[in-house]
Every structure is written in C-alpha cells, then in structure tokens.
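The values are calculated or read from the model by the stated rules, or taken from the named source; none is laboratory data. From a predicted model like this one, the values you see are computed outputs, not experimental measurements. Counting neighbours? That spans all protein chains shown, and the Cβs are built from the backbone with ideal geometry, glycine included. For accessibility, only protein heavy atoms count, side chains too; no ligands or nucleic acids. Shrake-Rupley method; radii C 1.70, N 1.55, O 1.52, S 1.80 Å.
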Amino acid sequence: MSVSRLPRRIAAIVVAFAILTVSEASLMGFDDSVWDSPPYFDDTTPREVTAAAGYPAMLRCRVRNIGDRAISWIRRRDLHILAIGIMTYINDPRFQAEHSEGSDDWTLKLNPARPADSGVYECQISIDPKISLGIHLNVIASRAKIIGSREMFVRRGSDVNLTCLVDAPPAPIELHWARNGRPLDFSRRGGISILTERRARTSQLLVSRVSPHDAGNYSCYPIGNSVTDAASVLVHVIKDENSAAMQHESLASAKEISSITLIVTIVVTLSHTFTVR
C-alpha cells in the first residue's frame, strides 16, 4: 500500500463515522410516537359468546400494541361505561374487569350471568379517534326434563330411580333436586344418592326403600333457574299393585267426572242463552 493512499482512507473513515453519528442523533431527536405502531384488535378475539344462566360469562378482548393506552368496556344498549382498565364503574358486583401484566388480553367477567344480560358489549381503545370492537353475549336459561312419565306409582319398600337431563346447554350444568318445592334434605333421611355427570348434563336420583312419607312432587332444575321452572314428576307410594290400580282408576274417574261436569255446564249455559233469546 502506498503512503499517498493512506490519508484518503483515513478521511473516508472519518466521514463515514461522522454520518453515522449525525444519523443517530437525528433519530434520537424524533418523537417516539413516530415509530410506535398503532394499536389494533387481534383477529382471534371472539365476536360471539354464549353462556349459561347462573354461570360466569367471560368477554375477552385481545389488543396488540396497546402501549400506555387504556381499554374501556361499554354496554351498547344504554352506553353505560362498565370498566376502564381493571377499574369497574357500575353499581353491580357481578361485573369485574381482569387483566394480567404483560398480557394482550382484557377480560370483562360477569358472574353470575342472566338472560337479561344478553346484548352487545364494546371493547374500546382510548386513541383519537377511538376504535371499538363489539362482542355479542347470549345468555341461555337451560331447561331440564325428567325422563319418563310425569306421574309414577311405586310400592312401599321399593326404590325410586329418576334421571334428569338438560337440553343443549352451552356449558356443563349443575343440576339440583327438590321435593315439594324444597331442596332434598339428606340429613333427615338416609338412602338418598345423587349421581351427576356435568359433561353429559345428566343427574340421577335414587331413593331407596321408599315409604309413604317419600311420596310427593320431585323436581329437577339447573343452577341459575328457579324451582318454578323445574321439570317434575309426581311420585305415589302405595302398598301393592292392586292399590296402584285402584288409585289410578280413581284418578281416571275423577278426571272423567270433571270432564263430564264441564260438558254439562257448557250445555246448560248454552240452553239458558237460547231460552233467554
């Protein structure tokens, strides 16, 4: 290498270093917002949520590049602000806002959910202009039914076996049993067992060695529903099969008499009406 070329190379290196220094200083002088990507809703955020009445409903909103901006939850039907960040602004303890540090997920929890809570809830990002994402919540009141006839006759000393199931709920359901409108009391009477399969949404009630005191209206209902909305079966405890036949005939006769009485009443009323005319 010749000595004459050395100063030129040194000069080129100095110029390049100067350019890099100026460029770095210029970049540091820019506002951070120039390089900050705007926030946006992740496409994986569910737009439709179905929940069972009496159970928690979870509305999740996934936001990317949130930075130091705030997330708000708004109920669309009345434009009520439910939460900002993790702070709630509604006088209803069922609502709760949840968020984990460093996570992109912001959750509005409603526990327990009711059918009246169905509607659209907006997840809103506090930028100018504001952007929001609507999430539709559908709360279903599950209905139960007891397999078999709505009335049964069993002999004293035998077992009663009832199976209850829920039609197409959105989640595993917990079922309850009652007799004559009151929850079953296991402390006063042994020999009662309940086998519940929450995933299969079925519950089986077994009452062993029944006596006349066990007769009554047995009902099954999902948690979140009232006893008045329950499925029910009327259980008669009789001495023997002949008693069952006699009682069944008695009930049939009573129904037949009621029907005849109704027909006679209608005929008399119509006759009186034509006589007056």
task = Return a yes/no flag: does region 203-217 have any residue that is hydrophobic (A, V, I, L, M, F, W, C) and in contact with a His (Cβ under 8 Å, 6 or more places away or on another chain).
result = yes
Residue match in region 192-206 (condition: open to solvent by less than 60 Å² (accessible area, probe 1.4 Å) and in contact with a Phe, Trp or Tyr (Cβ under 6 Å, 6 or more places away or on another chain)) = yes
The one condition in (1) within 30 Å of Arg201 (Cβ to Cβ); (2) surrounded by 15 or more Cβ atoms within 10 Å (Cβ to Cβ); (3) not basic (Lys, Arg) that Glu98 fails to fulfil = (2)
message = Could you go through region 241-252 and let me know if any residue there is surrounded by 13 or more Cβ atoms within 10 Å (Cβ to Cβ), modelled with pLDDT of 75 or more and not in a loop (DSSP other than H, G, I, E, B).
response = no
query = Mind checking which residues of region 135-159 are of a type in the set (Gly, Ala, Ser), exposed (fewer than 13 other Cβ atoms within 10 Å of the Cβ) and in contact (Cβ under 8 Å) with a residue 60 or more places away in the chain?
reply = Gly148, Ser149
query = From the set of residues in region 40-72 that are assigned to a strand (DSSP E or B) and more than 19 Å from the chain's Cα centre (by Cα), which is nearest to Pro112 (Cα to Cα)?
reply = Ser72
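Okay, residues lined up against (1) closer than 19 Å to Arg47 by Cα; (2) at pLDDT 95 or above; (3) not hydroxyl-bearing (Ser, Thr, Tyr):
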residue: Ala70; (1), (2), (3): no, no, yes
residue: Ile74; (1), (2), (3): yes, yes, yes
residue: Pro93; (1), (2), (3): no, yes, yes
residue: Thr107; (1), (2), (3): yes, yes, no
residue: Ala113; (1), (2), (3): yes, no, yes
residue: Ser118; (1), (2), (3): yes, yes, no
message = Against the condition modelled with pLDDT under 95, open to solvent by less than 60 Å² (accessible area, probe 1.4 Å) and closer than 27 Å to Pro222 by Cβ, how does Pro39 come out, does it pass?
response = no
query = When Phe186 is evaluated against the numbered criteria (1) surrounded by 13 or more Cβ atoms within 10 Å (Cβ to Cβ); (2) under 24 Å from Pro222 (Cα atoms), which criterion, by number, is the only one it fails?
reply = (1)
request  = Those residues that are without any contact (Cβ under 8 Å) to a residue 24 or more places away in the chain, part of a strand (DSSP E or B) and within 14 Å of the chain's Cα centre (by Cα), I need them from region 85-134; list them, please.
outcome  = Phe95
task = Mind telling me which of the residues Arg199, Arg188 ends up being modelled with pLDDT under 75, under 42 Å from the mean Cα position of the chain (by Cα) and among the basic types (Lys, Arg)?
result = Arg199
task = Take region 113-138 and flag every residue that is among the hydrophobic types (A, V, I, L, M, F, W, C) and over 21 Å from Arg64 (Cα atoms).
result = Ala113, Ala116, Val120, Leu137
